Each structure stands twice: as C-alpha cells, then as structure tokens.
Amino acid sequence: MKRALRKVYYFLPVQLLLLHFRKYQLLLVFWLILLLTVTGRFASHFGASSLFLAPEYSGSINFMSMFLLGCAMCVFIMTWHITTFIIHSKRIPYMGATRLAFVVYTFNNSIIPLSFLTFFSFVTVHFQWFNEQYSVKDIVLLQLGFYLGIIIIILVSFVYFFRVSRDFFKTVLSKITNPSRIRGFIPYDSLDYEIDILPAQSYLSVDLKIESVSDLQPYHPRVMNTILRRHHRNVIFAALFSYILLLVSGAFMDIPLLRVPAGASFLLFFSIILGVAGAFKYFLKSWEALGWVMLFLVLSVMVSYKIFDLRSVAYGVNYKQAPTNQPEYNYETLHNIFSKNKYLSDKKIEETRLQLWKNKITNDSAKPPLVIISVSGGGSRSAYWTFHALQYIDSVTNGRLFKSTVLITGASGGMIGAAYWRSIQDANDRGILNDKYSPRYQNNMGKDLLNSIIFSLVSVDLVSPFNDISLAGYSYTRDRGYALEQELIRNTDGMFDQNIGYFKEREATGKIPMLLINGTIINDGRKLLISGQPVSYLTQPEYSISDPLPPIDAVDFSAFYSRQNPYNLRLTSALRMNATFPFILPVVKLPSKPRMNIMDAGLSDNFGTDLSSRYLYVFREWIRNNTSETIFLQIRDTRENDVSSNSDESSLANMITDPVFVIQNKWEALQSYAQDYLKDFSKSSAIGNLHFVTLQYVPKESKKVAALNFHLTQKEKEDLFQSIYNPENKAAIDTLVKYIK
C-alpha cells in the first residue's frame, strides 16, 4: 500500500495539482469563481449561474448556444494550460525531452479542468431538467453541443501545437543530439539550475500510457528551458485570439446571430485576464505586485483625465452643448427653478389633467374611483409579476383598472412591467393592436435581459474602444446600458422604441395614466423625477413652499434640463436609470455642472410609496371633491410581513459583518417598515375613502423564490404566473374589483 501511494504521489498529474495549490494560487481563483458561479454561490442575485447553465443564443437555449459555450470553455482551458506551462515549465525541465512537450503537459495538467467539466455537466443537466424543464432528449442534445465545441477547439489547438513542436525539433534538436555537446553550445551557469524541480517519477504520455521520467533523455536544464520557452509565445496568441474575437463580437452586438452567449464572452474575457496574469508573473517575477500597483495607478490617471469614463449616458439628451448652457447642479439653481410659482403652476396643470380624466370617465355628476399604482423593484422577477398582475386585474375588471388609473410610479423592474402594460393599453386604444390580453405580451416580459448586458460588459465595455453610435439625433458611446435598452426594444416588439415626449399629449388629456419614472441622484441623495408632465409639486414638501430656503428633495428632469431636449429622452433610458442596479448596469451621468449621477430608484424607495403618498397629499382636496373611492394599489415582489430573512449572530463572522452591513442587507426591510407610517399619514390626511390594496408575489415554496436578476427560468416564470391565484391575492383582487365598479 505504501509503495502504491508513493507511485500515486510522484505521478506527474498529482505533482502538478499540488504545485498549483502550493505556488501562484491566484490562478486558481479563476476556477473558484467559475465553480462558485455555476453553483449559485457567487453573484446569485444577478443570475450569473444561468449564463453558464442556460446560455442563450438568438433568444433561446439551443444546440448552438451550448456549442459556443463549449468552444469558449475550451479556449479558457487551453489558456489555463498555456499560462501555467509558461510559469511552471522551469520546474519540469525533463518535459523538454518529450515529443510534443506542450501536448504532454496538457494531458498531465488536466485534473482540475476534467474535474470541473464533470461537475459542470452534472449541475447543467440538473438545472436544465428542474429549472428549465427540458426533456431528456433536449438535454442530451445540449450536452452534445457543449462537448462538440470543446472537441473542435481541442483539435484546432493541438494541430497548432503539433506544428509548433515539429518546427522546433527541426530547428533545435537536430543540432543538439546528445548531452556531451551542451558545454560547447551553452556555457555552464550555476544560476540555471532550478532548485524547485518537481520530483515526478512517472507521467502520462501522448499515447495515454504511464511512462517513467527516468527514461527521458537527460538533457541539460538550460537546453530543456530553451525548448520550453519556445512554447511561451502561444499564450500571447491565445490571449490575442480571445481579444480579437471579443472585439469582433462587440462590433456586431446589434446583430443577434453574431452575438455569442454571455457565458462564452465571460470565459473569453477570463482567458484574456488569465493570460495577462500569467504574463505579469512570468516577466515581472518578484516585481509582480509592484506591476499590478502601477497598472492600477495608470488606470486611475486615465479616469481622472477623462481618457475613459465608466459611466453611461441617457440616450436622446443633448450632451454636446457648451458648458455655459448646462445647468449648475447646486441648491441655488434648484431654488430658482423650483420656486413657489413653479410649484403652484405645475399643480394647476395637473388638476386640469385630472379634470380631463374625470370627464373622460363620466359625463354626469357621478364621482369615479381613482387608482394610483405603485410597483416595487426586483429585476425581471418584478417586471414579469407586475405586468401579469396588471394585465390580469384589468381583464377581470373589463378594462376599468386602466381607465381608473391616473398615476403609475415605482422602482426598477416593476416599472418596466408597468410601463409595458401602459404601452400595450395605449396601443390597443390607438388601434395599433387588437388583443391587449394576449399571452404573447406576458411572454415578452419573461424574455432574457441578462445575456445582452453581460455580453456587452465583456465584449464592449471592458475591451473595445470603438463604440460610438448615432442615436436619437446625437452621437453617443454604447455600453451595456445601451445593450439593455436594445434588448428591451426587441423583447417588446418595438413597443419601447419611443421617447418620453411620445406620450405627453395623451397623458395631458387624461387618456392614459401619467408614468412617473424616478431615479436616485447619488451626488446628494435627491430623487430625479422623469415624466412627460411637469411635476415640480413633487420636488419639495408642501409646508415649505413659502419658506425662504425650502428643503428641495427631488428634481423635475424636464424642468431642470429644459435646454437639453428633455422630452427626446428615450423611454428605455428613463427606465434604465430607474433600474440601474450597481455594477450590473453603469451609473448614468447627465449634462450638468457637476455631472448628475443617477442610479436605481430602489436606493431611496423600492416600493414607490414616497412619491405616491406625496401625490395623494398634494391633490387631497381635488380627490376628496371629485372621486368616490381612492385606491392605492401596490404591486410588490416581496411579502410585506416577510421582506427579509432573519439573521442570528451565531458565528464570529456574523458578529463582525452584521453591524457593518446591516443597512445593505436589510435595506428593503427598513424601507418597507418605514412606509407603513406613510400609509398611516395618508389615511389621516382627510383624502376621503382611501383604500390600500396590495398584491404580492408569494412563491409556491417559501425557500425557492425567483431570483432577483434579469433572467428568469421556466420554473420561476410558472411560479410567478401562478402567484396571482394565491388566496391572499385573490382576496385583494376581489376587494379591488368592488372598489372600482
């Protein structure tokens, strides 16, 4: 037994495995990230696992998507082999005496890749069976596509390396035939000896046979290193190949057929980073840490001098004006724009709109019910649930929900679903479409958005300097924000291909509800209010409008950027600012001095309650005198009484991190509880018959909630779809139907 274990221990694949853990553990981080990602332990809230377990190509998970993922996976694996070969080849100089040295190395260095592929296949099959609900036949076909991609890249790679090895042996080994000629060819240098040579006794040959290392021709270490260094150029080729492929893919990102799956793009990007990391280690050696510091400093200087900017833009807005025409973003400017007169003027305009809405609802003295819809954030989960809830309620009320609604506001994904519902209703009223309750529109809301975002991140944002486009009359740079917008337009059959001014007239005449989109100004925490109507009455509390220095806590986008063509802002850009989840989507900069930076509305109010409550209060007198019932309809993707998991400081890690990250981890819960007070105040403001109706996503299994990201599995869609029939939601709908008869 001891002899057998000794043979295993000194087997080259085992020695290489131990070497990876003993030296340069940084390179193992790439495998760790992939492992944690596919198991849902890393970036699970972003839906990162679906990029690899259910890759999409041309809008669906198919043979080609898995084939392209397999190709990219193999490129990453080959880059791993090449990079580690460059770094560790000096520790295995005897490999230089083998025919096809690099190919032999890959065979002996495959424990980690093969283990990962085996595990990956198991996880993929499980995911596609249980989450995507594919048949056995479909899963087998997808697996065949994945491994066919791997096999093809392996064959192409080995053909290349066979040629490299053959050419080298012709030019070098033909001149050096035995060790006795070494001293005359290369002078002796004691520094050439590597004291950390792997003590392998056997290795796996090209013929997949176990051979003895002692049988190899004992060339001098300098000769062996010379032979092995000839292979080092291959890492440059592999990294360059991946970079060029990403550049080409990014250049044609608007053509779905030329857009590889996001998971594949991510693997190609990993290949580039892996190659760069290997190059740093090989060339800088002990200076490596200083090299990374210098690289970071160079990038920092480039950002400081605006050589490149990590922020995005809002498409349709004029950024090309002279600085003198750009508004100053400070309190003095806000005070001048959002004055008492502006407040009262915009309030009067809104009361006129409400009166026109009332006249459209009823021609007699009867008072109609008024509905305000507030939706929560939550990525595609919230978008899908919100649209389904609104479509379903409108159908059971024979269209009365849409006719009774005057305002829609909220955050993030919920606003995407609500905006799509309004666009469908508006198109139906215009005669552009016939069946506004068609399941097709629900399916559109369930289409993937994450793939295009991540694809753009790795193929445009991080690697491509050639990304200028002409859009909405102006020239801009494109990035993953642009990719999201284009995907939204494609997913909704062009329904979102409008600017906010497109709906202005129909909103003003009360024919459709006003859509109030907001974002968080991260410069100072104020809200940015985006609407086709003037909304200055929401920029400050009513009690302060006569104060000399009122607390202005929000900015009316159209009023503040009146010289930047505000109504030309694309609807998708407004929705993106509303849904700018950190890191997944870039911060949006707006043309002011200094730049106004916008992120997700959920940072300040993830449920839309703040703005809805202020709106109700501002128009309380008109509502009291002109409506029979006021319904505050809230649609949320979490339960009011269960918005956050309970945490217990039962470990040292929890004791340290919970107090530090309490705001981050419990932000949604803190907002939800705080807004219960707002509802109390709304009730006590003498609005009249005010009713709160809440619809909430209730998963069938409490521990299997649809993920918070821009991708939904088939199982998650079914869970969200069926949630409308939950007893709590059915009771809420019955109550709502009673109020808006």
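Given R₀ = 60 Å, what would the calculated FRET efficiency be for Gln321 paired with Asp207, taking r from the Cβ atoms and rounding to 0.05?
The pair Gln321/Asp207 has a calculated efficiency of 0.25.
To the nearest 20 debye, what charge dipole does the stretch 483-603 have about its Cα centre, counting +1 at the Cβ of each Lys and Arg and -1 at the Cβ of each Asp and Glu?
It comes to approximately 320 debye.
Taking the Cβ-Cβ separation of Gln722 and Ser339 as r and a Förster radius of 51 Å, what is the calculated FRET efficiency to the nearest 0.05?
That gives a FRET efficiency of 0.50.
Each label point is 7 Å from the Cα along the Cα-to-Cβ direction; what then is the distance between the points at Leu144 and Ser628, in nm?
It works out to 6.4 nm between the two label points.
Report the chymotrypsin sites (Phe, Trp or Tyr not before Pro) located in the stretch 530-578 that are in a DSSP loop and have at most 12 other Cβ atoms inside 10 Å of their Cβ, or state none.
Filter output for the stretch 530-578: empty list.
Apply the Debye scattering formula to the stretch 524-607, with a single equal point scatterer on each alpha-carbon and no solvent, then give log10 I(q)/I(0) at q = 0.12, 0.17, 0.20, 0.26 Å⁻¹.
Those come out to -0.38, -0.75, -1.02, -1.47, one per q.
Top to bottom by accessible area (1.4 Å), largest first, where do Val737, Val303 land?
Val303, Val737
If packing is taken as the average number of other Cβ atoms within 10 Å across a peptide's residues, how do 59-69, 73-83, 477-487 rank, most packed first?
Per-residue mean Cβ counts within 10 Å order the peptides as 73-83, 477-487, 59-69.
Probe radius 1.4 Å, ligands and nucleic acids left out: which of Glu350, Glu621, Glu640 has the largest accessible area, and how do the rest follow?
Descending accessible area places them as Glu621, Glu640, Glu350.
Once fully extended, how much extra length lies between Asp429 and Val29, figured as 0.36 nm per residue of separation less the alpha-carbon to alpha-carbon distance?
Stretched fully, the Asp429-Val29 segment lengthens by 138.5 nm.
Identify, among Phe338, Pro323, Val298, the residue whose Cα sits farthest towards the positive end of the charge dipole of the stretch 287-355, taking +1 on the Cβ of Lys and Arg and -1 on the Cβ of Asp and Glu, with the dipole about the Cα centre.
Towards the positive end, the residue furthest out is Phe338.
Would you please give the FRET efficiency between Asp196 and Ser286, computed as 1/(1 + (r/R0)^6) with r the Cβ-Cβ distance and R0 = 22 Å, to the nearest 0.05?
Here the calculated transfer efficiency is 0.95.
Which value, in Å² and to the nearest 10, is the accessible area of Asp553 when all protein chains are kept and the probe is 1.4 Å?
60
Using a 1.4 Å probe on the protein heavy atoms only, what accessible surface does Phe119 show? Give it in Å² to the nearest 10.
Surface open to solvent at Phe119 totals about 80 Å².
How much accessible surface area, in Å² rounded to 10, belongs to the heavy atoms of Lys90 with a 1.4 Å probe?
Approximately 70 Å² for this residue.
Once fully extended, how much extra length lies between Phe308 and Tyr9, figured as 0.36 nm per residue of separation less the alpha-carbon to alpha-carbon distance?
102.6 nm
Based on Cα coordinates alone, diagonalise the gyration tensor for the stretch 560-602, multiply each eigenvalue by 5, take square roots, and list the semi-axes in whole Å, largest first.
19, 13, 7
List the relative contact order of the stretch 416-511 as a percent without decimals, with contacts defined as Cα pairs under 8 Å and 6+ residues apart.
27
Over the stretch 17-105, what per residue volume does the convex hull of the Cα atoms give, in whole Å³?
112
Quick one: length gained pulling Gln133 to Arg506 fully straight, 0.36 nm per residue minus the C-alpha distance?
130.0 nm
Structure shown: which of Lys358/Lys593; Lys589/Lys700; Lys436/Lys700; Lys340/Lys589; Lys347/Lys593; Lys367/Lys436 lie over 31 Å apart, alpha-carbon to alpha-carbon?
Listed pairs above 31 Å: Lys358/Lys593; Lys589/Lys700.
Put Leu571, Leu471 in order of accessible area, largest first, 1.4 Å probe: what do you get?
Leu471, Leu571
Go through 435-442, 497-504 and give me the packing order, highest mean Cβ count within 10 Å leading.
Highest mean packing first, the order is 497-504, 435-442.
At a 10 angstrom cut-off on C-beta neighbours, averaged per residue, how do the peptides 375-386, 704-715 rank from highest to lowest?
375-386, 704-715
Apply the a/c threshold of 1.5 to the C-alpha gyration tensor of the stretch 429-478 and tell me whether it is rounded, prolate or oblate.
Taking the square roots of the gyration eigenvalues as a ≥ b ≥ c, the stretch 429-478 is oblate.
The values are calculated or read from the model by the stated rules, or taken from the named source; none is laboratory data. Quick caveat, the model's predicted, so the values are computed rather than measured. Because the Cβ atoms are built from the backbone with ideal geometry, glycine has one as well, and the counts that use them run over all protein chains shown. We work out accessible area using only protein heavy atoms, side chains counted, and drop any ligands, DNA or RNA first. Shrake-Rupley method; radii C 1.70, N 1.55, O 1.52, S 1.80 Å.
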